[in-house]
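Trainee: Sending over a structure as structure tokens; questions will come in a sec.
The values are calculated or read from the model by the stated rules, or taken from the named source; none is laboratory data. Predicted, not measured: the structure shown is a model, and the values here were computed from it. No Cβ is skipped: glycine too gets one built from the backbone with ideal geometry, and neighbour counts run over all protein chains shown.
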Amino acid sequence: MHRPAAVDDHKPDRFEIPERRLRHDRNLHQMSMGCSGCAERPLCGGLSIEAAVWSCLSFCCGTPDKCDRVCRGNPDYASRVHEVHGFELDLPRAPLLPTPTLPLVVPEIFHGSKRKRHFAPALASVSLYGMFDRKEGLPKYRTRAELSANYKISTETPLLLTAIQRDRPLERWWELGRERRKVIVQAARDCGVVLATTPNYSLFVDRPRWDDLHAMKRIAIAHGEFLEAGMPAALHVNGRTDRDFERWAEFILAHGEVTHLSFEFTTGTGRPTRRRQHAAWLCDVAKTVGRPLHLLVRGGNDLLPELCGAFAGVTFLETTSFLKTMMRYHAVKGETVGWWPYPTAARQLLDDLFETNWEISRDAIAKVMRGDPPPAPAVAVA
């Protein structure tokens, strides 16, 4: 395949460009000149970054025989576009499903090791990618008792299925195909899952925009598949530019079955210099849509007051208490939660430590979300 001259003539060494210079901001930077004649500009909106690049095609890796990106320089480009039926978010309406009432804070449980008791919060989160065998593509659990025994979660606790993950598990989920994905989602529903977040297919600042458009379309497809399988779902609105979030708002307006959104502030979107921009884009989506939306968010504790003010409801997906417990830390109350080492004996069970850590962390986050004032300083008594 002939590669356009722009790739050869204007390709910078992307490894020498700092990530901050690749962040889109149309208020600060002019649109790249090569965007003006691009056929995908109505969908993409163009790229406005500090780095001097001709267009997003400047980020083509130049090695089509090894490339796994959705890029016009890749011989598989046509098939990758075909697999999502084009980049437009023109999917048919899916069923509108009743959704459960969600608490302010939900703990994520990664496994059942080092604990004996079955944990019983109001709602608990487990990973979608732990629900199926990645080699065979079949459900791991057929009954709630099996799942509860593995994760040490009470059989009475409803479950949230979290699909936020790194890229390899995300790709494996897509490779399973529609029918096997449907079987896994239905098995999860039989195991007590009441709501899922869609896979968070990534958008990268140093890749051609076709890769981003492909990722967004897969997120929308996955959301529809969950609903068609009878599973209420939160749409994960990943975006790299303001136009991406405008497109999500347009999609949500056209699809009344979208009642919940999800987002994470734990990777590139969690950088201190970028997180508020993404929070502002999320709030703009809520404002543009105009109807009540519930947001499920991981990370970004400091952004919670702003998000709670924009959305009808917000649920925080809390991972720290479990992970800190496994590293033998205990939570210490203060203006913010502190974490101190907590050495344990060999093979000591961590149920008590985990439950205490969870309660302290949950209460601290919930106070922020409710907007409770900080405690008054102590007054000395003469």
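Trainee: For the stretch 63-86, give me each residue that is surrounded by 13 or more Cβ atoms within 10 Å (Cβ to Cβ) and either farther than 21 Å from ARG218 by Cβ or among the acidic types (Asp, Glu) (or both).
Mentor: PRO64, ASP76, GLU83
Trainee: Can you name every one of the helices (runs of 4 or more DSSP H) wholly within the stretch 133-211 that holds 2 or more residues which are at pLDDT below 95, within 22 Å of the chain's Cα centre (by Cα) and more than 24 Å from GLU88 (Cβ to Cβ)?
Mentor: Values: elements: 144-151, 167-175, 178-190.
By residue number, 167-175.
Trainee: Restricting to the stretch 98-116, what's the tally of residues that are over 14 Å from LEU147 (Cα atoms), in contact with a helix residue (DSSP H, G or I) (Cβ under 8 Å, 6 or more places away or on another chain) and surrounded by fewer than 16 Cβ atoms within 10 Å (Cβ to Cβ)?
Mentor: The total comes to 1.
Trainee: For the stretch 28-48, give me the residue count where each residue is in a loop (DSSP other than H, G, I, E, B) and within 18 Å of GLU246 (Cα to Cα). Before you say what the answer is, go through the steps one by one.
Mentor: The first filter runs over the stretch 28-48 and keeps only residues in a loop (DSSP other than H, G, I, E, B), leaving 28-32, 36-40, 45-48.
From what is left, the residues that are within 18 Å of GLU246 (Cα to Cα) are 31, 40, 45-48.
Residues in the stretch 28-48 being in a loop (DSSP other than H, G, I, E, B) and within 18 Å of GLU246 (Cα to Cα): 6 in total.
Trainee: I've got another one for you. So which of GLU264, GLU257, GLU250 is touching a Pro at 6+ places or on another chain (Cβ under 9 Å) and acidic (Asp, Glu)? Steps first, answer last, please.
Mentor: Details: GLU264 fails: touching a Pro at 6+ places or on another chain (Cβ under 9 Å); GLU250 fails: touching a Pro at 6+ places or on another chain (Cβ under 9 Å).
So the residue among GLU264, GLU257, GLU250 that is touching a Pro at 6+ places or on another chain (Cβ under 9 Å) and acidic (Asp, Glu) is GLU257.
Trainee: Just one of (1) of a type in the set (A, V, I, L, M); (2) outside any helix (DSSP H, G or I); (3) in contact (Cβ under 8 Å) with a residue 40 or more places away in the chain trips up ALA122, so point out which.
Mentor: Of everything listed in (1) of a type in the set (A, V, I, L, M); (2) outside any helix (DSSP H, G or I); (3) in contact (Cβ under 8 Å) with a residue 40 or more places away in the chain, ALA122 misses just condition (3).
Trainee: Tally the residues that are without any contact (Cβ under 8 Å) to a residue 40 or more places away in the chain and of a type in the set (S, T, N, Q), restricting the search to the stretch 159-201.
Mentor: Qualifying residue count, the stretch 159-201: 1.
Trainee: Using the structure shown, decide if THR267 is modelled with pLDDT under 95 and either of a type outside the set (Gly, Ala, Ser) or surrounded by 19 or more Cβ atoms within 10 Å (Cβ to Cβ) (or both).
Mentor: Values: modelled with pLDDT under 95: yes; either of a type outside the set (Gly, Ala, Ser) or surrounded by 19 or more Cβ atoms within 10 Å (Cβ to Cβ) (or both): yes.
Yes.
Trainee: In addition: Yes or no: LEU353 surrounded by 20 or more Cβ atoms within 10 Å (Cβ to Cβ) and in contact with a Leu (Cβ under 9 Å, 6 or more places away or on another chain)? Even if it seems obvious, please write down each step before you answer.
Mentor: Numbers: surrounded by 20 or more Cβ atoms within 10 Å (Cβ to Cβ): yes; in contact with a Leu (Cβ under 9 Å, 6 or more places away or on another chain): no.
So LEU353 fails the test.
Trainee: State yes or no: is THR319 at pLDDT below 95 and of a type outside the set (Gly, Ala, Ser)? Steps first, please.
Mentor: Numbers: at pLDDT below 95: no; of a type outside the set (Gly, Ala, Ser): yes.
So THR319 does not fit the description; no.
Trainee: Hey, can you tell me all the residues within the stretch 32-61 that are out of contact with any His (no Cβ under 6 Å at 6 or more places or on another chain), in contact (Cβ under 8 Å) with a residue 24 or more places away in the chain and farther than 15 Å from ASP211 by Cα?
Mentor: Selection gives SER32, GLY34, ALA51, ALA52, VAL53.
Trainee: Go through VAL289, VAL297, VAL285, VAL314 for me and flag whichever is in contact with a Cys (Cβ under 9 Å, 6 or more places away or on another chain), surrounded by 12 or more Cβ atoms within 10 Å (Cβ to Cβ) and closer than 30 Å to ARG23 by Cβ.
Mentor: Values: VAL289 fails: in contact with a Cys (Cβ under 9 Å, 6 or more places away or on another chain); VAL297 fails: in contact with a Cys (Cβ under 9 Å, 6 or more places away or on another chain); VAL285 fails: in contact with a Cys (Cβ under 9 Å, 6 or more places away or on another chain).
Within the list VAL289, VAL297, VAL285, VAL314, the selection yields VAL314.
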